[in-house]
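Reading through the structure tokens given below for one structure.
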Amino acid sequence: MKQKMKRTIAGILAGICLAFSSVSVFGKYTFSVICEKQEKTYWCWVATARGIARGEKVVQKTQSDAVIAVKGKNVNQPGNVKELEAAAEYFAPGVNFTIRYKPFTFNEIVKNIEAGHMVGVNWGYYYGTVRNGGHSVFIVGYNSNDGQQLVVYCETLLGEIIHENYDKFVSRSETNYNVKYEQTIYASYK
């Protein structure tokens, strides 16, 4: 009985090891990055700007530096997508960032990540049909193994890396509101 149990456990462990050793790296890519946590309540936009700028250049400036440069003073206020773009360009001088007023498809995310560019995202919060606020995060990777389309992103409020299904990342319902991916900001080279 003991011998049979040992063989069963050994078989299970061998199967697990084989499964993990045969996982393809094709269809999976994540930057080795420290997730940028927002330093103040409403600074998701500047944390996102700094995060996507770090994908392009070494960033020495702080979130506070960028807020002062963009807003004229150090204030704990939300930022719009134009301010996010201005902050990203402040962090990475000489790099042009482009705003797109719609989501990237999963394939566009893959293309940008594989080209070495993190992608900024603005979500809108909706109560019924009324937009009331939003949140910014940045995409640092993806995983498309096993037929799934997972987005790997930095949740700036928590300073944590999250893996989420693309469809849920684009649009989901929370307890009292809906979240929609509305705007994309990315480095553009000509």
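What is the list of residues in region 153-190 whose amide nitrogen lies under 15 Å from a point 7 angstrom out from the Cα of TYR101, following Cα to Cβ?
Within reach of a label on TYR101: 182-185.
Please name which of ASN165, HIS135, GLY147 has its Cα lying farthest along the dipole of region 135-190 towards the positive end, using unit charges on Cβ (Lys, Arg +1; Asp, Glu -1) and the Cα centre as origin.
HIS135
Residues of region 110-125 with amide nitrogen under 18 Å from the 7 Å Cα-to-Cβ point of ASN145?
Counting backbone N atoms under 18 Å from the label point, the list is 110, 114.
Using a 1.4 angstrom probe on heavy atoms only, work out the carbon and sulfur share of the accessible area of region 58-151 in %.
Values: 2120 of 4410 Å².
Ligands and nucleic acids excluded, carbon and sulfur give 48 percent.
Per residue, how much space in cubic angstrom lies within the convex hull of the C-alpha atoms of region 72-135?
114 Å³
Calculate one ³J(HN,Hα) per residue across region 130-143 by plugging θ = phi - 60° into the Karplus curve 6.51 cos²θ - 1.76 cosθ + 1.60, and present them in order as whole Hz with x for glycine and proline.
After applying 6.51 cos²θ - 1.76 cosθ + 1.60, I find 8, 7, 9, x, x, 7, 10, 9, 9, 7, 10, x, 7, 8 Hz.
For CYS154, what accessible area in Å² do you get when you roll a 1.4 Å probe over the heavy atoms of the protein chains, rounding to the nearest 10?
0 Å²
For region 104-171, what does the convex hull of the Cα positions come to per residue, in cubic angstrom?
Given the Cα convex hull of region 104-171, per-residue volume reads 91 Å³.
How much accessible surface area, in Å² rounded to 10, belongs to the heavy atoms of THR41 with a 1.4 Å probe?
Answer for THR41: close to 90 Å² accessible.
With the cut-off at 25 Å, tell me which of the pairs LYS111/LYS168; LYS28/LYS57; LYS37/LYS73; LYS40/LYS102; LYS61/LYS180 have Cα atoms farther apart than that.
Long pairs (Cα-Cα over 25 Å): LYS40/LYS102; LYS61/LYS180.
The values are calculated or read from the model by the stated rules, or taken from the named source; none is laboratory data. Predicted model only: the values in this text are computed from it and were never measured. Note that each Cβ is placed from the backbone with ideal geometry, even for glycine, and that neighbours are counted across all protein chains shown. SASA here: full protein model, heavy atoms, side chains in, ligands and nucleic acids out. Shrake-Rupley method; radii C 1.70, N 1.55, O 1.52, S 1.80 Å.
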